[in-house]
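Read the structure below first, then the notes.
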Amino acid sequence: MEGSLVDNGGERVGRGNKIGYVKRGIGKKRKQILRRVRRSDMTVSNTLQQLFHSCTEAFKGPDTVPSPQDVQRLRQILDNMKPEDVGLNKDLQFFKPGNAVRENQRVTYTTVYKCDKFSLCIFFIPEGGIIPLHNHPGMTVFSKLLLGLMHIKSYDWVDTEVSNDNLMPQPSQLRMAKLKADKVFTSSCDTSVLYPTTGGNIHEFKAITPCAVLDVIGPPYSKEDGRDCSYYKDHPCTVFPKEKIGEGKEEKEKDSYAWLEEIEMPENSEMDGIEYLGPTPF
């Protein structure tokens, strides 16, 4: 199985071919943000090894979804993961409150491992930083918040037939989606899982405090294979599927739907890529 432990300088990486660039020279301040122990001083993480080997068994390639048993196994491993398993700890300068305001940081991204079937990625989101609303076409994604406090909003598309049969004509260029999550998560929360069409496939991350989130993505984004990343803006929805509304529940259900408008890649979606220097997964 081919893969890599580092991102190559100058190549586009991240959530699809639209998300941003790895930068070979990231500057003194950027190096200080995520300063970690060098790999030669590290031992291999048993938990990270378990995750890697379970991923090789669970992810079979495009157009497949891990079995319920594989999903459960991966969730259990990720639920038990600690920041130290990938060479992090809460005392790093990046995770100090107010650091983003002083440094004006962008989201940073590193690849632990990547092959054609899955990838292990860590996103470092500064305080107040956002990964805008985006999708994961044909993918199953496990997200484990390792450090910090983060607000997540997520949606799934409403079935086309339901929309056509029960709604007024939808606004041009908009598509209806159902809200799946809109709440704050902490590092003690269980691992979240989204699937190609369910579980909140379209989501947004906003860091309340500096955050590190580990994503297991299978298969990875690939524009060539039709898995490019799209971005969206959500709008209030005033009409909704009638069959899903019970008597006396109208106001509550109205808040559970939105119109999503596909937009160009937002400026704040660009990320700086850095080399992974944590424990190896094998």
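The values are calculated or read from the model by the stated rules, or taken from the named source; none is laboratory data. Since the structure is predicted, the reported quantities are computational estimates derived from the model, not experimental observations. When we count neighbours, we look across all protein chains shown, and the Cβ atoms used for this are built from the backbone with ideal geometry, even at glycine.
Below is a table of values for the structure above.
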{"item": "Residue count for the range 52-82, restricted to those that are touching a residue at least 60 places away in the same chain (Cβ under 8 Å) and in contact with a Leu (Cβ under 9 Å, 6 or more places away or on another chain)", "result": "8"}
{"item": "Tally of residues being of a type in the set (S, T, N, Q) and touching a helix residue (DSSP H, G or I) at 6+ places or on another chain (Cβ under 7 Å) across the range 190-236", "result": "1"}
{"item": "Test: residue in the range 1-24 that is modelled with pLDDT of 50 or more, among the polar types (S, T, N, Q) and not in a loop (DSSP other than H, G, I, E, B)", "result": "no"}
{"item": "Unmet criterion (only one of (1) farther than 16 Å from THR191 by Cβ; (2) at pLDDT 95 or above) for ALA58", "result": "(1)"}
{"item": "Subset tally (residues that are modelled with pLDDT of 80 or more and more than 30 Å from GLN49 (Cβ to Cβ)) for the range 228-282", "result": "23"}
{"item": "Count of the range 190-209 residues which are farther than 18 Å from TYR257 by Cβ and more than 15 Å from the chain's Cα centre (by Cα)", "result": "2"}
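For (1) surrounded by fewer than 18 Cβ atoms within 10 Å (Cβ to Cβ); (2) of a type in the set (Val, Ile, Thr); (3) more than 24 Å from PRO66 (Cβ to Cβ), each residue gets a yes or a no:
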| residue | (1), (2), (3) |
| --- | --- |
| THR186 | yes, yes, yes |
| CYS189 | yes, no, no |
| SER192 | no, no, no |
| ILE202 | no, yes, no |
| VAL213 | no, yes, no |
| VAL216 | no, yes, no |
